[in-house]
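The values are calculated or read from the model by the stated rules, or taken from the named source; none is laboratory data. Note that the coordinates shown come from a computational prediction; the quantities given were computed from them, not determined experimentally. Note that each Cβ is placed from the backbone with ideal geometry, even for glycine, and that neighbours are counted across all protein chains shown.
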Amino acid sequence: MRGLSPWRRKVVVYGARMLMWAAIGRARHMLRRSPTPRILIDTSVFTNSVTHETRWISNGRLSRIPGLESGYSARVPIHARDDTSELYREICFLAPLGRLFNEKLLAPFTSGELDTELWRFPPSLHRGGGRDDLSVFRVRPERIDNVRLDALVHPRDVAMQMQQARINACTEEPFVSLVKVLGADNSFDAFHIHTAEKHGLDAFMHLDLKLSRMLKAQERRPVIEGLRSKVLLPSQLAALYKVKPVPPYVMSYEGARFHVRPDLNAGGKRASSRQKQ
């Protein structure tokens, strides 16, 4: 099976776009009548936005070269359709939220420290590296403070040490209090929350489930209760504006140039994934 005929592809793509329109219809109506929310976007959102990868599909037959099997490359979803994990539930909100950001109904922002985190790793981690990989959250955020070039001019380990030292040297509030609550191991997350608060942004959107559970456990602490910038998972941001989820598999044919195999999946694991550090 190598996917659908060209005209069937067009029908599937059109259906996916109609589903997207329905998912963000109410949000469009709400956001057009209010000031544009300003959102700081964590690197964990981008690293989880690649929902399809280009994989080699063997047809089980030997090629003319001894020892090699013939086959073809195809776009394959990373997650199964019936995936019930909390991570996949959050990923299902990335495509419609990305559409709202690209329509300028939500304003995306990044920071020098967030960019440094992103630049420490290959672009394929957050954009996809295969010829037909698909990221459902193609958003270009505006930088809200000064650029940091550590990761561009130093080796990865050195750049991380420099960033860690710079963040640890911060003595401003609410960063200091956040570190006391979240722990020194989570100083990067504390600094990003501090950045959103310092610049008066409406929210800090992340996809770090560990951080979410930690904030839930500490939600009664004064520093957490006093935050004006909300710390939100994609599903929580979507709930504020009545955005519905769009499962990534329905977008399997979006922009595809070659074969697509939506009937397969990669078991929730990317070919060369690395966890956020």
Checked pairs for the stretch 200-227, first among the hydroxyl-bearing types (Ser, Thr, Tyr), second in a loop (DSSP other than H, G, I, E, B), C-beta under 6 Å and 6 or more apart or across chains, list as Ser212/Leu233
Residue hits (the stretch 12-50; of a type in the set (A, V, I, L, M, F, W, C), in a helix (DSSP H, G or I) and over 19 Å from Pro77 (Cβ atoms)) are Met18, Trp21, Ala22, Ile24, Ala27, Met30, Leu31
If we keep only residues of the stretch 74-126 that are within 19 Å of Val243 (Cβ to Cβ) and of a type in the set (Gly, Ala, Ser), then the residue farthest from the chain's Cα centre (by Cα) is Ala107
In a helix (DSSP H, G or I), touching a helix residue (DSSP H, G or I) at 6+ places or on another chain (Cβ under 7 Å) and under 24 Å from Lys230 (Cα atoms): does that describe Ala159? no
The number of residues in the stretch 169-186 that are assigned to a helix (DSSP H, G or I) and out of contact with any Phe, Trp or Tyr (no Cβ under 9 Å at 6 or more places or on another chain) is 8
Out of the residues in the stretch 127-151 meeting the condition of being within 29 Å of Pro248 (Cβ to Cβ) and part of a helix (DSSP H, G or I), tell me which one is farthest from the chain's Cα centre (by Cα). Ala151
Within the stretch 124-138, tally of residues that are over 9 Å from Asn48 (Cα atoms), modelled with pLDDT of 90 or more and polar (S, T, N, Q): 0
Cβ-Cβ under 8 Å, sequence separation 6+ or interchain: first residue in the stretch 153-172 and at pLDDT below 95 and of a type in the set (A, V, I, L, M, F, W, C), partner surrounded by 13 or more Cβ atoms within 10 Å (Cβ to Cβ) and assigned to a loop (DSSP other than H, G, I, E, B). Which pairs? Ala159/Arg120; Met160/Arg120; Met162/His154
